[in-house]
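A.B. asks: Pasting a structure here, questions to come.
Nothing in this text is a laboratory measurement; each read-out follows from the coordinates by a stated rule. These numbers come from a predicted model, not from an experiment. Don't worry about glycine lacking a Cβ; one is built from the backbone with ideal geometry, like all the others, and counts go over all protein chains shown.
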């Protein structure tokens, strides 16, 4: 297949006819497929099946400190898990707060706290015209939280080595800019990992807003697809070196390690930040679900257990990525698409011809394949180029994912040819 | 023993000497006992041991709707539990939101939502001088939430049939008054249940603040100690009759049914209120821990299962209440104390001579018995009479509770005699 962009109108018409025929054949299959969200598949979740036997009547309900995990108390989580996440994230155990089943919830609550009580400074809700930096493409649910709380979302270009730091350094001179959303490793959806230089420039930021926070959502911290994963510099260490220990609040979870709906989440940071977060939590709850924490502590007694577990996840997920990537290769010479080839995380980021992403989404939907809405990875759901599609290959079965990738590529071709034939 | 209040100074001195000797003997035992919080004992929690076998590899992870409870999603909880709590609370399933492990957290989040976004009206945080009604004695953690958010806490007298409704009806004429905390059944700590008339007067309230809410924390809705429990009128039905469906937000949990740290909590109310709460939740989380919900759904398949289960709890807790009550009877004729004799819930409310509660707390602490801080049941921890002590008999073992009650009564005598001898 040769480059569509160099074809004559007649050639394009011929390509369109054949692409449309292929698409209609796929549509006639009346399939139901979903590549919309970064959900683990059932086989991934089965890897943690042992967990259900680890807390019960035979095994007891006490943690290493003798706490009966069934009862009230323990505001910031079990010591075992503080140790474990400390090891993973390169932090001291006392820097870790272990919470419930959702790190998104902890991020939301942190912004909610900032609005009514501040994060060490004045309540953000008392100020007007506040802004939040949103490296884009990025995670739609991050952006949605700050949109809900009334921030102006300011897009920042996401490069192959992280957010464009020239832009960030310029934007934070505005004291209305209160924070930035980051997924520093295997970023959702780009799959890129922030370079050492980017992390160091983050750590060295001197924002005009004294209570500016980096929301460092390390959601994919150990979610490698291959043996040679990306390395991410320790943001907290760099912040300490730069004299900015309170700059980042770090989040992580086991949602894609154990169970998406029933994992454990953490918020972490400097002693000051931990104290600030706890100052609200003590009124908000008597404590997290310690039984579920105990399940996790017994399943994963050290970081090595986690790394071994993640290799099993990778063995299931990698072939699904490969299926999509192999099919995308059929578009390689057409010039109508480019895509990422990440070493970890949950997404492939696909760029189709400008003005075609929404059409591809629609064509896929008409053929029974649900994609993340085009534009979702941009603030306000607005992709200025209408070009980006976030592809989530993990949830369908290995069989389904092949079909889904065929439908996707067919839709990309049809949409591109429609667009090229307009001219 | 005769009435201390009618004794001569010599008689009081003799009583004091003997009471002090008894107290010092108890103190010399160097015990460690805790009657401070309403925590179930280990034997109570053992009643739910079956739960751990109900969700696992043999039993599967799908609910009645075929949802794999391990994965993401399901913002407002499993249908089984909506049905179950609907049955218990006398509400339609679609009026129920099933959340995480803490109803306190859901109350806190509701107030947090009101502050930044309002509950159908303007954001409360945009208004100044707001007030919240606190029937007292009441639950310290309720009061603490509204104190945290900057409300002026307005105490309301709690009578034997509920809050003094003359007072409430007068206070709500102030549009700064935004809500009221209620524990309508077996109120913490008084153990009283609101009468039908009180519930009806609540339902008929016409507050100046159009977005006034009744926080109806039905924490002890099925927590009877005896076969003939108290009956509580259905607040929602009465509110509908009175044309005020949006007035109450209703909370409950299984914290004292299954596990305090790992139960499930609910928020409920009118369709409008449920929609308002969900409008925030959709940004806050992807969903609650559905596996833990599934455990509960399989353990308690209908309200009858719950009622039977609660009888077993009562059989464990009732003798502990009796131990304390029997020991308190030794004070009956002294005139220095009165106390409640509740038909359910988790507390005995003890009133000692005015000005003596803090001293009793201190004397107990010195003898190794931790009580809830005197005054805790009042807004700002301030009991104007320094008279009330909240006694929580459930957590210590049956053996310990007898000793604890002896220490308590000894301290009450010593404190009273110290006070009477001052004059």
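A.B. asks: Provide the FRET efficiency to the nearest 0.05 for the residue B:210-residue A:159 pair, computing r from the beta carbons and using R0 = 30 Å.
C.D. replies: E(calc), rounded to 0.05, equals 0.05.
A.B. asks: If I fit a long axis through the Cα atoms of helix B:357-366 and take the longest principal axis of the Cα atoms of chain B, what angle between them do I get, 0 to 90°, rounded to 10?
C.D. replies: 80
A.B. asks: Considering only the label points, 7 Å along Cα→Cβ from Cα, what distances in nm to one decimal separate residue A:53 from the same position in each other copy, shortest first?
C.D. replies: Here residue A:53 shows inter-copy label distances of 1.5 nm.
A.B. asks: Give me the distance in nm between label points sitting 7 Å out from Cα along the Cα-to-Cβ direction at residue A:275 and residue A:322, one decimal.
C.D. replies: Once both label points are built, they end up 5.3 nm from each other.
A.B. asks: Restricting to the protein assembly as shown, what percent of DSSP beta bridges are antiparallel, rounded to 5?
C.D. replies: Counting DSSP beta bridges with both partners in the protein assembly as shown, the antiparallel share is about 50 percent.
A.B. asks: Quantify how strongly other chains surround peptide A:118-130 by giving the mean number of their Cβ atoms within 10 Å of each of its Cβ atoms.
C.D. replies: Counting other chains' Cβ atoms within 10 Å and averaging over A:118-130 gives 1.
A.B. asks: How big is the Rg/Rh ratio for segment A:61-301, C-alpha atoms only, Rh by Kirkwood, two decimals?
C.D. replies: Here the Rg-to-Rh quotient is 0.95.
A.B. asks: Return the whole-Å distance between the Cα centroid of segment B:77-125 and the Cα centroid of segment A:1-73.
C.D. replies: 31
A.B. asks: Over chain B, what is the mean sequence separation of C-alpha contacts under 8 Å (at least six apart), divided by residue count, expressed as relative contact order in percent?
C.D. replies: 27
A.B. asks: Defining a contact as two alpha carbons under 8 Å apart and six or more residues distant in sequence, what relative contact order in percent does segment B:135-177 show?
C.D. replies: 33 percent.
A.B. asks: Subtract the Cα-Cα distance of residue B:303 and residue B:11 from 0.36 nm times their separation in residues, and report this length gain in nm to one decimal.
C.D. replies: Contour length minus Cα-Cα distance gives 99.5 nm.
A.B. asks: Any chance you could give the angle, 0 to 90 degrees and rounded to 10, that helix A:398-422 forms with the longest Cα principal axis of chain A?
C.D. replies: 60
A.B. asks: Using a Förster distance of 51 Å, how high is the FRET efficiency between residue B:87 and residue A:422, based on the Cβ-Cβ distance and rounded to 0.05?
C.D. replies: Approximately 0.30, to the nearest 0.05.
A.B. asks: Modelled label-to-label distance, residue B:332 and residue A:231, 7 Å Cα→beta-carbon offset: nm?
C.D. replies: Between residue B:332 and residue A:231, the label points sit 7.9 nm apart.
A.B. asks: Taking the Cα atoms only, what angle lies between the long axis of helix B:103-117 and the longest principal axis of chain B, rounded to 10 degrees?
C.D. replies: 60
A.B. asks: Give the nm distances, rounded to one decimal, from residue B:87 to the matching residue in every other copy, measuring between label points 7 Å along Cα toward the beta carbon; shortest first.
C.D. replies: With the label placed 7 Å along Cα→Cβ, residue B:87 yields 4.5 nm.
A.B. asks: Same structure again: Whole angstrom only: what separates the Cα centroid of segment B:241-269 from the Cα centroid of segment A:366-393?
C.D. replies: 38
A.B. asks: Across the residues of B:194-202, average count of Cβ atoms on other protein chains within 10 Å?
C.D. replies: 0
A.B. asks: Distances from residue A:152 to the same residue in each other copy, label points 7 Å out along Cα→Cβ, in nm, shortest first?
C.D. replies: Shortest to longest, the spacings are 3.7 nm.
A.B. asks: Let me ask something additional. Sorted by average packing, counted as other Cβ atoms within 10 angstrom per residue and highest first, what order do A:372-381, A:314-323, A:2-11 take?
C.D. replies: Ranked from most to least packed, the peptides come out as A:372-381, A:314-323, A:2-11.
A.B. asks: List the relative contact order of segment A:1-115 as a percent without decimals, with contacts defined as Cα pairs under 8 Å and 6+ residues apart.
C.D. replies: 11
A.B. asks: Please give the calculated 222 nm ellipticity per residue for chain A, where each DSSP H segment of at least 4 residues contributes -39500 (n - 2.57) and the sum is spread over every residue; nearest 500 deg cm²/dmol?
C.D. replies: It comes out at -12500 deg cm²/dmol, rounded to the nearest 500.
A.B. asks: Counting only other chains, what is the mean number of Cβ atoms within 10 angstrom of the Cβ of each residue in peptide B:48-54?
C.D. replies: 4
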